[in-house]
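The values are calculated or read from the model by the stated rules, or taken from the named source; none is laboratory data. Keep in mind it's a predicted model, so treat the numbers as computed, not measured. Reconstructed Cβ throughout: ideal geometry from the backbone, glycine too, with neighbour counts over all protein chains shown. Surface areas here come from the heavy atoms of the whole protein model, side chains and all, with no ligands, DNA or RNA. Shrake-Rupley method; radii C 1.70, N 1.55, O 1.52, S 1.80 Å.
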Amino acid sequence: MKKIQLLCLCAALLQYAAMAWAGGPLYTNRDCTPVVFPASAMPIPYAVDQGELGDFSNSLAAGIVDDCFGVWQSVPTASISFKNAGFLPEDVNETNYEPYFDSDADRVSPVIFDSDGGIIDDVYGYGASDYIIGFSGSAIDYDASGGWYYTEGLTLINGRFTGLFTPAVFKATFVHEFGHFIGLDHSQINLPYVSDDNTTNDMYIPTMFPTSTDDDTPLGELNPDDEAALTMLYPAEGSDAAYGRIRGTLYWRSGLPARGANIVAVKQGDERMSQFSSVSDYCMQGDGSFEMLVTPGTYSFFVEPVYPLFTGGSSVGPYADTALSASFVFPVRAADYEETLTIAAGETKEIELFARRNWLRPVPGLAANLLQLLKNLGLISASGTEL
Amino acid sequence: MKRCILAGILFCALCSHASAAALRELNLEGLCRSAGTIVWGVCTGVETRDEALVYTFTAYRMLKGAAADTVALRMHKAASMYARAPRFAEGQEVLLFLHPESDRGYSSPVGFGQGVFRIASSSGERTAVNERGNSRLFRGMNMDKLCPGAAFPGIRQCSLAGGGALRHQELMELIAKLITENDKGARP
């Protein structure tokens, strides 16, 4: 068994600049290049458990896995590919899973079917399989010339949920998780459509949205923001023919850069579906910058705070780790902008936006509860700034 | 070429992370029921031992589980990294819901960030907020029965608002009540 070597904290501090931006990479290097699987790793091989997945036969489960990877591979503007490298040497369970948690030189990413939840209970504690549906992530390595990069992933799927979820819902869940596997962060687009008891608008929610919604089935297919984010990480030759680039900076009215706000570009004529996003100061350079790929068209912009509940494992952007992070302590006031930009394929345009601070939500706390209650009752506007 | 895992970066104080784990949602009753240990305390140690990350907490109060002055949370290192389980730093004051240890001695917070309430002072009040901002923490619970009359006003407000910070003391009192009721229900 090869041991996983922890990076010295000091080395991480010296080399690290790993943050994320909405509709963008999970981690970046110091120079703001994203952490990705290198081109030499393509196609990224994965090997599938020999066992069943709860109520799903091995062939059904393996087919779901192939479909999930295939969703990302099918994006024509992205140069990412996967290869089913066959089966793992055994039916993996709680007696033999340990070696698969060590990344090793073969660079083949195991996909483990934890048929009865036994592995999850063993590694996370008794009863954990009641709540953990699965996970997918990738190990990382460092090269002096290229920076950080992904080497090999690990996916584990809890078979206990096959009695609850349809194959379509499993697919939606793991297309999202595989997005993290290849290095994508969450995206906060069309937040009002989530859990609004309306399933017909869930198609406008991107796959990389942090939470589930009324009907997760449409999230098994990628939205424009997902495809653009993937293309930014893994641009295919000729992707310039499909996208233009918007670079910008978000400032406070004082002129200081504003960090951790969600900037959304909305395409005129396709407002609900064609939205692209980025979080300000995504590379944590302290400059309030943002960047996104967009399909050709004319765009208007709005700025919004990262939703206060999107912290920790549901975070959007680099300043949303806890309720006391910059996205929430100094939130922007949601605002639409009059400026529009028309972007052609292959074109890069820049824009400066100015934000106002939401003084009614200075620090998360009990006062914020009362504020939310008043919003829920319709006694104040959604922005929380008017009575 | 030095090999390392994402964990190295995750320990960085500047670090943020996005979930690589898909989780079911839990309300407070579910957290109380699933936890083998519920402890209010402060993290006093972080170390790695072989394949485990070990967090040591000085316990201010044990709400569930055997009485103890300290609680050691032993998490499977690689599994925690891949799934981006919650992590802790020395000095953090938390209210933790922990799964009973597995046969190998591993545990984790129930529902990951859902079972980790960070205690902070806000506007003169000590508040408790989990990773989801206490969103839907009381979903499906009978609040009229749990919070009769004027009892637990902050809990009521949080429940109506759909989330938000909770008074730490109030939350602990409600947890103690839930555990007592669970124990009563468990008796033959």
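The table that follows gives values for the structure above.
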read-out	value
Estimated distance in nm for a label pair at A:Asp196 and B:Arg24, the labels positioned 7 Å out from Cα along Cα-to-Cβ	2.9 nm
Protein accessible area in region B:23-180, 1.4 Å probe - carbon and sulfur %	45 percent
Relative counts (whole %) of C-alpha pair distances in region A:235-376, using bins that are 10 Å wide	12, 39, 32, 14, 3, 0
Mean separation of Cα contacts under 8 Å (6+ apart) over length of region A:9-230, as relative contact order %	24 percent
Cα radius of gyration and Dmax for chain B (Å)	16.9, 65
Model label zone, A:Thr166; criterion: amide N under 13 Å from point 7 Å along Cα-to-beta-carbon; scope region A:191-226	A:215-220
Kirkwood-based shape ratio for region A:64-216, expressed as Rg/Rh from alpha carbons	0.98
Residue-level accessible surface for A:Asp122, protein heavy atoms, 1.4 Å, Å²	20 Å²
Relative contact order (%) - chain B, alpha-carbon pairs under 8 angstrom, separation at least six	19 percent
Carbon/sulfur fraction of accessible area - region A:235-376, other protein chains in place, 1.4 Å, %	51 percent
Computed [θ] at 222 nm, helices only, for the protein assembly as shown once each DSSP H run of length n ≥ 4 contributes -39500 (n - 2.57)	-6000 deg cm²/dmol
Solvent-accessible surface ranking, highest first, for B:Tyr82, A:Tyr126 at 1.4 angstrom	A:Tyr126, B:Tyr82
Whole-number accessible area per residue in Å² for region B:74-131, which is evaluated in the context of all protein chains at 1.4 Å	30 Å²
Highest-MSF residue in chain B out of B:Gly154, B:Gly41, B:Gly113 [GNM, Cα springs under 10 Å]	B:Gly154
Over 30 Å between alpha carbons, listed pairs A:Lys171/A:Lys349; A:Lys171/B:Lys77; A:Lys171/A:Lys267; B:Lys77/B:Lys145	A:Lys171/A:Lys349; B:Lys77/B:Lys145
Chains A and B together, accessible area buried on both sides, 1.4 angstrom probe, square angstrom	6000 Å²
Max mean-square fluctuation residue, GNM over chain B, Cα-Cα springs under 10 Å, options B:Ala59, B:Ala128, B:Ala68	B:Ala68
Cα pair distances of chain A binned at 10 Å [whole percent]	5, 22, 32, 26, 13, 3, 0
Percentage relative contact order, chain A, counting C-alpha pairs under 8 Å, at least six apart	16 percent
Accessible surface of region A:56-95, 1.4 Å probe, proportion on carbon and sulfur as whole %	53 percent
Listing of region B:100-116 residues, each with accessible area lower by at least 20 Å² in the full protein assembly than in the chain alone (probe 1.4 Å)	B:Pro100, B:Ser102, B:Arg104, B:Tyr106, B:Ser108, B:Phe112
